[in-house]
Amino acid sequence: MTDPGGDASDRDLTLHARRGETEAFGELVRRYQTSVFNVCYRLTGERREAEDLAQEAFIRAYERLANYDLDRPFGPWMRRVAANLCLNRLSIQHPPEAVIDEEHDKAEEGEPETIREQAERAESVRAAILSLPPHYRAVIELRHFEDMSYDDIASALKIPLSAVKSHLFRARKILAEKIGHELH
Amino acid sequence: MPNHLDDDTLNEYLDSALDAARRAEVDAHLTACVDCAARVEKLRLLFTAIESAPHAPLHRDFSASVVAALQERHQPAPVLLPQLRVAFAMQAIVALILFAFAAPIAMQALPVSETPQFTQQVFDAIADTLAEWSASLALARQTVTNAASALNDLPLPALSLLALSLGGLAVTLMWLVGNGLLITQLNRRPTQQRI
């Protein structure tokens, strides 16, 4: 088996992985695990569950590599797989209320003031997103982080187009109320 | 100035969800209306804040566990344990020995008076059928007949019913041990690794 290193392109790694070289797929996991985890975290609002779902998403993606179009970037496809997995999971179980992992996500002590302010601002945005009801989080995730159109979101969530707009605009209004004072 | 743009329109404008004609109208309105321009700018800042939110940190690298799970799922068929191979071989050997001793006894025990030359009749019928199919299979008939004769010539060992029972018990024990090992090996392989 060849050993595709860290310099290999996503396309090369995917080709190796398609031939059954799981180590090549492991390198793709290393590259995208944080962004995929964040998709799951934003949708579930729970860190531990997000980690489990992210790993499951990678395994699911590996099983579907044959259907992946090599001419398209791997990252967005991978995040879409994760989003679909989370949405399916949210639809079949009652989602837990979002609880932010304060312990881990707080800005580190001792950082310069400006950096800490930026981190706190970012954290408040993330907290505001996680505080949204699950169906609002879903449309925010798919529109703002997965860049999906209204029609695609309606299809993914299996809801009418009017509901997509309603959820999305309402979610933005709530976010604006929560973090509006920080927008400048 | 005509009516201000509603919130839905501003959202759809920034989402690039308006058709060209409607978008041109909104562009024209925003150029002329300071209030709506301020509202759309505030909404744009919200979009930026949402999309620029940094990733939550991931505190562990789970690539190794994903790779391990994939290798677990896609590993080749398991190779039999050495103990299992020995158990299967012993099973086969004991079964053959037992058969070799039991067959003559069983043949002798057949009620010969009621079914005279039963074995020979069966062999003959098989040989005849084969011979009808092809002349080349005549050799098979001779072979089968010879085998039957040789079987009849075997010296009968002095085996009691107790010895036969003990032999059967040995085979049963070997069978249980072999399958027990097989089940143990299968149970040792989880169907899905917890990751």
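The values are calculated or read from the model by the stated rules, or taken from the named source; none is laboratory data. Keep in mind that this is a model prediction, so the values were computed, not measured. With ideal geometry, Cβ positions are generated from the backbone for all residues, glycine too; neighbour counts draw on all protein chains shown.
Data table
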quantity: Long-range neighbours under 8 Å by Cβ, at least six apart or interchain, first residue at the interface with another protein chain (Cβ under 8 Å from one of its Cβ atoms) within segment A:32-47, second of a type in the set (Ser, Thr, Tyr); calculated: A:Gln33/B:Ser63; A:Arg47/A:Tyr41
quantity: The listed residue being among the acidic types (Asp, Glu) and closer than 30 Å to A:Glu182 by Cβ, out of B:Glu25, B:Glu72, B:Glu41; calculated: B:Glu41
quantity: Criterion: surrounded by fewer than 11 Cβ atoms within 10 Å (Cβ to Cβ) and either outside any helix (DSSP H, G or I) or at pLDDT 75 or above (or both) - qualifying residue of B:Thr191, B:Thr145; calculated: B:Thr191
quantity: Residues (assigned to a helix (DSSP H, G or I) and either basic (Lys, Arg) or outside the structural domain of A:Leu28 (by TED's automatic domain parsing) (or both)) located in segment A:56-82; calculated: A:Arg60, A:Arg79, A:Arg80
quantity: Residue among A:Thr2, A:Thr14, A:Thr34 that alone is hydroxyl-bearing (Ser, Thr, Tyr) and modelled with pLDDT under 90; calculated: A:Thr2
quantity: Any hit, segment B:21-37, residues being surrounded by fewer than 17 Cβ atoms within 10 Å (Cβ to Cβ) and within 13 Å of chain A (Cβ to nearest Cβ); calculated: no
quantity: Selection from segment A:124-134 of residues that are assigned to a helix (DSSP H, G or I) and crowded, with 19+ Cβ neighbours inside 10 Å; calculated: A:Val125, A:Arg126, A:Ala128, A:Ile129, A:Leu130
quantity: Contacts under 9 angstrom Cβ, first residue in segment B:50-72 being more than 7 Å from chain A (Cβ to nearest Cβ), partner of a type in the set (Asp, Glu) and surrounded by 14 or more Cβ atoms within 10 Å (Cβ to Cβ), 6 or more apart; calculated: B:Arg60/A:Glu51
quantity: Residue in segment A:87-109 that is modelled with pLDDT of 90 or more, out of contact with any Phe, Trp or Tyr (no Cβ under 9 Å at 6 or more places or on another chain) and surrounded by 15 or more Cβ atoms within 10 Å (Cβ to Cβ) present; calculated: no
quantity: Any pair with Cβ under 6 angstrom, 6 or more apart, that starts in segment B:1-28 at a residue that is outside the structural domain of B:Val40 (by TED's automatic domain parsing) and ends at one that is not in a helix (DSSP H, G or I); calculated: B:Met1/B:Cys33
quantity: Pairs with Cβ under 7 Å, 6+ apart, first in segment A:152-167 and not assigned by TED's automatic domain parsing to the domain that holds A:Arg80, second of a type in the set (Gly, Ala, Ser) and surrounded by 15 or more Cβ atoms within 10 Å (Cβ to Cβ); calculated: A:Leu157/A:Ala138; A:Pro160/A:Ala154; A:Leu161/A:Ala154; A:Val164/A:Ala154
